[in-house]
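Enquirer: Starting off with a structure, shown below.
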Ligand code: TRP
C-alpha cells in the first residue's frame, strides 16, 4: 500500500484553509493508504517560543486533528518529539545536504528576513523535514505548493545518501492539491488564508464561535459588478465564496454560481454551510479537550507505531553508513 506522510506545525490554530485544503483530504486518505501524520513540534522550535507553548499547542492540535476525523486506530498520528529517531536521522540528513542547497531554500530566506533571531535550526529545518519523510519509507507527501522545494531537497538527500551508502531510503513524491482547492483570505481574496495576525478578519478558524464565523463570511470582500460567476482571476472574492460553499457542501463551484443572482444569498448560504460543517468537529473537540489523558493515550499508540518503523529505518541507515555497532 502507498505510504503517505505529512506533517503540520503546532503553531496557531487550524483554519478553514488548512482544513479544507489539507486535513480533510488526510481524513479521506487514511482509509485508502498507509498514512502517517505528525505534529511537528520540533520544527516549531526553529523560531523562539515561550516555555510551555509548544506543548500546549501540540496537545490542542492533536485533539483538533482527531476531532476532524483522523482516527488513531486507522492511521498513525503522533508528535514528532515523542520519536527520537527524528532528531537522530536529521543529523544524518545534515551530513548529506550541502550548505549551498540549504541556502537556496525560499522558506529560509523569507523567514530569516522576518525574524531578528535566526537560529541555526531555521537553516537546517529541511534536514529535519527530510528525516520525517524518509524514516517512514514514504511514497507520497501531501503538502501545499509552498512545500514543493522541501520535498525536492528531500529527494536529493535520499538520492545522495543511496548513492554514497547503497539503497537505504525510498524517494518520496510531493502530492499538491489543485489551485482551486485553496481557500483564500476573506478580506484579501488574492492571498491564501493564513494564520498571520494581520489577517484576523479574513481567517476562519475551525474552533471559532459559529456566530463569529457566520459574521466573517457574510462580511467577505467581493466586488462591485454584481454578477455571480466562478472566475478567480476576475472575481476572487465571489469565487472564494463559491469554492468554500462547494467544498463545504460537496458541490461544484462553477455549477453553484448558476443558483445565485446576488451576493447576499451566496454569503448567507456559504456561512451556513461552513457552520454546519464545523459544528460536529467543534463538538468532538470539546469532548477530547475535557479528557487530555485519553488524548495522551491515543498519542502514545501513535508514537509506538511510528517508532517501530522509524527505528528499523535508522538501523538500516547506520548499518549502511558502517557506523560501529553498539
Ligand atoms: N514544513 C512543513 C510546513 O511548514 C511541515 C512539515 C514538517 C512537513 N515535516 C514535514 C510536511 C514532513 C510534510 C512532510 O508546512
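Enquirer: Kindly indicate whether residue 132 is in contact with a strand residue (DSSP E or B) (Cβ under 9 Å, 6 or more places away or on another chain), closer than 30 Å to residue 285 by Cα and within 14 Å of the ligand (Cβ to nearest atom).
Expert: yes
Enquirer: Can you find a residue in the stretch 111-122 that is within 11 Å of the ligand (Cβ to nearest atom), out of contact with any strand residue (DSSP E or B) (no Cβ under 8 Å at 6 or more places or on another chain) and over 22 Å from residue 27 (Cβ atoms)? Working first, answer last.
Expert: Quick first cut of the stretch 111-122, residues within 11 Å of the ligand (Cβ to nearest atom) only: 111.
From the residues that got through so far, the ones that are out of contact with any strand residue (DSSP E or B) (no Cβ under 8 Å at 6 or more places or on another chain) too are 111.
Pick out the ones that are also over 22 Å from residue 27 (Cβ atoms) and you get 111.
Yes: the stretch 111-122 contains one or more residues that are within 11 Å of the ligand (Cβ to nearest atom), out of contact with any strand residue (DSSP E or B) (no Cβ under 8 Å at 6 or more places or on another chain) and over 22 Å from residue 27 (Cβ atoms).
To keep it simple, each residue is scored yes or no on (1) touching a helix residue (DSSP H, G or I) at 6+ places or on another chain (Cβ under 6 Å); (2) closer than 30 Å to residue 4 by Cα.
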site: 170; (1), (2): no, yes
site: 190; (1), (2): yes, no
site: 202; (1), (2): no, no
site: 205; (1), (2): no, yes
site: 210; (1), (2): yes, no
site: 218; (1), (2): yes, no
site: 221; (1), (2): yes, no
site: 226; (1), (2): no, no
site: 238; (1), (2): no, no
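Enquirer: Give 95, 75 a once-over and let me know the one that is away from the ligand (no atom under 12 Å from the Cβ) and surrounded by fewer than 17 Cβ atoms within 10 Å (Cβ to Cβ).
Expert: The unique qualifying residue is 95.
Enquirer: While we're on this one: Looking at residue 144 and the list (1) touching a helix residue (DSSP H, G or I) at 6+ places or on another chain (Cβ under 8 Å); (2) at pLDDT 95 or above; (3) more than 17 Å from residue 318 (Cβ to Cβ); (4) within 15 Å of the ligand (Cβ to nearest atom), which single condition is not satisfied?
Expert: (2)
Enquirer: Right, something else. I need the full set of residues from the stretch 147-172 which are touching a residue at least 24 places away in the same chain (Cβ under 8 Å) and within 12 Å of the ligand (Cβ to nearest atom), in order please.
Expert: 147, 148, 149, 150, 153, 154, 172
Enquirer: Let me ask you something else. Taking into account only those residues within the stretch 24-45 that are more than 23 Å from residue 134 (Cβ to Cβ) and touching a residue at least 12 places away in the same chain (Cβ under 8 Å), which is surrounded by the most Cβ atoms within 10 Å (Cβ to Cβ)?
Expert: This residue is 27.
Enquirer: In addition: I'm trying to understand the selection: among the residues of the stretch 55-72, which are assigned to a loop (DSSP other than H, G, I, E, B) and either buried (at least 22 other Cβ atoms within 10 Å of the Cβ) or touching a strand residue (DSSP E or B) at 6+ places or on another chain (Cβ under 9 Å) (or both)?
Expert: Those that are assigned to a loop (DSSP other than H, G, I, E, B) and either buried (at least 22 other Cβ atoms within 10 Å of the Cβ) or touching a strand residue (DSSP E or B) at 6+ places or on another chain (Cβ under 9 Å) (or both): 70, 71, 72.
Enquirer: All but one of (1) more than 11 Å from the ligand (Cβ to nearest atom); (2) touching a strand residue (DSSP E or B) at 6+ places or on another chain (Cβ under 9 Å); (3) under 30 Å from residue 1 (Cβ atoms) hold for residue 86; which doesn't?
Expert: (1)
Enquirer: Here's something else I'd like to know. Within the stretch 1-54, take every residue that is away from the ligand (no atom under 11 Å from the Cβ) and part of a strand (DSSP E or B) and give me the one that is farthest from residue 208 (Cα to Cα).
Expert: Looking at the filtered set, the residue picked out is 3.
Enquirer: Of 306, 317, 293, 286, which residue is in a helix (DSSP H, G or I), closer than 24 Å to residue 7 by Cα and touching a strand residue (DSSP E or B) at 6+ places or on another chain (Cβ under 6 Å)?
Expert: 306
The values are calculated or read from the model by the stated rules, or taken from the named source; none is laboratory data. Please read all numbers here as calculations on a predicted model, not as lab measurements. Ideal geometry is used to build each Cβ from the backbone, glycine not excepted, and the neighbour counts take in all protein chains shown.
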